[in-house]
Amino acid sequence: MILILGIGNTLLTDEGVGIVAMNALKAGLDAADDITFLDGGTLSFTLAPAIAECDALLVLDAADLGGPPGMVAIYEGEAMDRFLGGNRKSSVHEVGLLDLMAIARLTNHWPAQRALIGVQPQKIDWGESLTPAVGAAIKDIYREACTIIKSWRTSIPEGEKHEDGASVHE
């Protein structure tokens, strides 16, 4: 089973991009028995069982990528682990993601197939709408997520990556 985990707070403008993107995927993908959508909110340890039960994990979240607002970066497999562990300010929720990764690894339930699609926020402040730059990135997130899901389903080898393991789209 593929778990698509949207993370964020939709009351804090671009911080909610992971939830908005997850809902777009949920609305746009045909119902499939092999995909579960989960609103992870602002994370908690209650997500550990869902991660332990999945075969593949796709996380959608706002992340500090050091680029322009709306920039999308994809980290797959070990590149995801390095991004979460090596960049202490990588995500608004990085401590939670790191904790969940540690729990999953300790119990041998960290999915071999895993990816993080991060989006550079423009604004994280009170507001219920994404900024235009981040809102425009939803279509790129959707396309990249569909590509990842297809590759997981058909075991197509990953495409060319940057030296840090990320695929970046501006």
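The values are calculated or read from the model by the stated rules, or taken from the named source; none is laboratory data. Predicted, not measured: the structure shown is a model, and the values here were computed from it. Neighbour counts are summed over all protein chains in view; Cβ atoms, including those assigned to glycine, are modelled from backbone coordinates with ideal geometry.
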Mind listing whichever residues of the stretch 106-117 are more than 19 Å from Trp152 (Cα to Cα) and either surrounded by 15 or more Cβ atoms within 10 Å (Cβ to Cβ) or in contact (Cβ under 8 Å) with a residue 12 or more places away in the chain (or both)?
Thr107
Which members of the stretch 119-128 meet the condition of being in a loop (DSSP other than H, G, I, E, B) and touching a helix residue (DSSP H, G or I) at 6+ places or on another chain (Cβ under 7 Å)?
Pro121, Gln122, Lys123, Ile124, Asp125
Pairs please, first residue from the stretch 135-153 and touching a residue at least 60 places away in the same chain (Cβ under 8 Å) and among the aromatic types (Phe, Trp, Tyr), second anywhere and surrounded by fewer than 20 Cβ atoms within 10 Å (Cβ to Cβ) and in a helix (DSSP H, G or I), Cβ atoms under 9 Å, 6+ apart in sequence or on different chains.
Tyr142/Ala24; Tyr142/Gly28
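Within the stretch 56-68, is even one residue closer than 19 Å to Val119 by Cβ, over 16 Å from the mean Cα position of the chain (by Cα) and either aliphatic (A, V, I, L, M) or at pLDDT 95 or above (or both)?
Within the stretch 56-68, one or more residues are closer than 19 Å to Val119 by Cβ, over 16 Å from the mean Cα position of the chain (by Cα) and either aliphatic (A, V, I, L, M) or at pLDDT 95 or above (or both).
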Given the conditions (1) of a type in the set (Ser, Thr, Tyr); (2) closer than 28 Å to Ala32 by Cα; (3) modelled with pLDDT under 95, report the number of the one that Tyr75 does not fulfil.
(3)
If we keep only residues of the stretch 99-118 that are assigned to a strand (DSSP E or B) and small (Gly, Ala, Ser), then the residue farthest from Tyr142 (Cα to Cα) is Ala115
